[in-house]
Amino acid sequence: MAESNDSVSIDMEKIFLGGKEHHIQTGCGSVSVIVYGDQDKPALITYPDLALNYMSCFQGLFFCPEAASLLLHNFCIYHISPPGHELGAAAICSDNPAPSAEDLADQIVEVLNYFRLGAVMCMGVTAGAYILTLFAMKYRNRVVGLILVSPLCKAPSWTEWFYNKVMSNLLHFYGMCGLLKECLLQRYFSKEVRGNVEVPESEIVQACRKLLDERKKTNVLRFLQAIDQRPDITEGLEKLNCRTLIFVGDSSPFHSEAIHMTSKLDRRYSALVEVQACGSMVTEEQPHAMLIPMEYFLMGYGLYRPCKFSHSPRSPLSPSCISPELLSPESMGLKLKPIKTRVSLEV
């Protein structure tokens, strides 16, 4: 087949400044959804991690031209923010009942119904990945696939419970203070980008730190409580009937959780990609590492990039770095195998 010479021009500023925001009233309060792209295309919904929104959780991925080309060519993007996490959100009244994780999953159905969407592709990071997995388990006919980044599936471990308790107390007494932001940045990023006394923190960490300043403590605390009280959903994973692609950084505090989750999924329909020297938020820290696995994952749905990009010199990932199992013809259909992919940082 001859390669197309057509190119796709993507205005990166327009991706994030040209979307339309919708405030949707649901059974557990208002939720903000930013919509980008042609709404006649299949839908991809995103859900961020704790204290984040689409700007701080998915900007790196969508600012990667190759990934933006792949996703925007095939999907209309619906960025769902946890209640009170959207840009410029006011503090939610303390009289409003705090939603549970299940309430947040049910809220997604109301969002889909508002936009008259059928089955959707889902992409979530850590807490957001848990919400979307729970949603997929409860409403199987509304999900065609899951792309999960450093996902959760068990109830909090003692270590996570302790960190959540510390963050809850910091939020309650001091708000979005410096120590709380350090706890969150450790949750999101590897030490390689967080820096130390000799090496300054990277620009992505600095940008995230600034965006965290906008969060209202009450709103973050409500989402934290929902995730801290989440039930174990491990038993239901075997019954998921959608294909699942999992990414996790090997420096993520939730690395073992992602491994555990992969082991419980149907091996015929799931794949695991581990990213070396990366924290939980692969979408920001190493978004190029997601490109080729996502491309082959979406081939199983008949979706492709509109043009051939040359291998980016910024990308730590090339076909030679990918496990042969992911590149096999079997992986392009329904039978994705669990794999272990190490991504070299050498360029």
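When Leu326 is tested against the conditions (1) assigned to a loop (DSSP other than H, G, I, E, B); (2) modelled with pLDDT under 95; (3) in contact with a strand residue (DSSP E or B) (Cβ under 9 Å, 6 or more places away or on another chain), the lone failure is (1). Annotation note: Cβ proximity below 8 Å between a residue of segment 29-42 that is more than 30 Å from Ala90 (Cβ to Cβ) and a residue that is among the acidic types (Asp, Glu) and open to solvent by less than 60 Å² (accessible area, probe 1.4 Å) (sequence gap 6+ or interchain) occurs for no pair.
Given the structure, is Glu102 open to solvent by 40 Å² or more (accessible area, probe 1.4 Å), over 20 Å from Gln229 (Cβ atoms) and not in a loop (DSSP other than H, G, I, E, B)? Steps first, answer last, please.
On the way: open to solvent by 40 Å² or more (accessible area, probe 1.4 Å): yes; over 20 Å from Gln229 (Cβ atoms): no; not in a loop (DSSP other than H, G, I, E, B): yes.
For Glu102, the condition - open to solvent by 40 Å² or more (accessible area, probe 1.4 Å), over 20 Å from Gln229 (Cβ atoms) and not in a loop (DSSP other than H, G, I, E, B) - is not met.
Residues in segment 113-147 that are more than 24 Å from Met281 (Cβ to Cβ), touching a Lys or Arg at 6+ places or on another chain (Cβ under 6 Å) and either of a type in the set (Phe, Trp, Tyr) or open to solvent by less than 10 Å² (accessible area, probe 1.4 Å) (or both): there are none.
Within the group Ala68, Ala89, which residue is surrounded by 18 or more Cβ atoms within 10 Å (Cβ to Cβ) and in contact with a strand residue (DSSP E or B) (Cβ under 9 Å, 6 or more places away or on another chain)? Can you show your working first?
Values: Ala68 fails: in contact with a strand residue (DSSP E or B) (Cβ under 9 Å, 6 or more places away or on another chain).
Result of the check over Ala68, Ala89: Ala89.
In the set (1) open to solvent by 10 Å² or more (accessible area, probe 1.4 Å); (2) touching a Gly at 6+ places or on another chain (Cβ under 7 Å); (3) of a type outside the set (Phe, Trp, Tyr), the condition left unmet by Cys76 is number (1). In segment 241-278, which residue that is open to solvent by 10 Å² or more (accessible area, probe 1.4 Å) and acidic (Asp, Glu) is farthest from the chain's Cα centre (by Cα)? Once the filter is applied, the top-ranked residue is Asp266. Residue count for segment 181-216 under the criterion of being in a loop (DSSP other than H, G, I, E, B), hydrophobic (A, V, I, L, M, F, W, C), within 18 Å of Gln59 (Cα to Cα) and modelled with pLDDT under 95: the result is 0. Each residue in segment 217-262 was checked for being part of a loop (DSSP other than H, G, I, E, B), out of contact with any helix residue (DSSP H, G or I) (no Cβ under 6 Å at 6 or more places or on another chain) and among the polar types (S, T, N, Q), and 3 pass.
The values are calculated or read from the model by the stated rules, or taken from the named source; none is laboratory data. Since the structure is predicted, the reported quantities are computational estimates derived from the model, not experimental observations. No Cβ is skipped: glycine too gets one built from the backbone with ideal geometry, and neighbour counts run over all protein chains shown. Heads up: the accessible areas ignore ligands, DNA and RNA and are worked out on the full protein's heavy atoms, side chains in. Shrake-Rupley method; radii C 1.70, N 1.55, O 1.52, S 1.80 Å.
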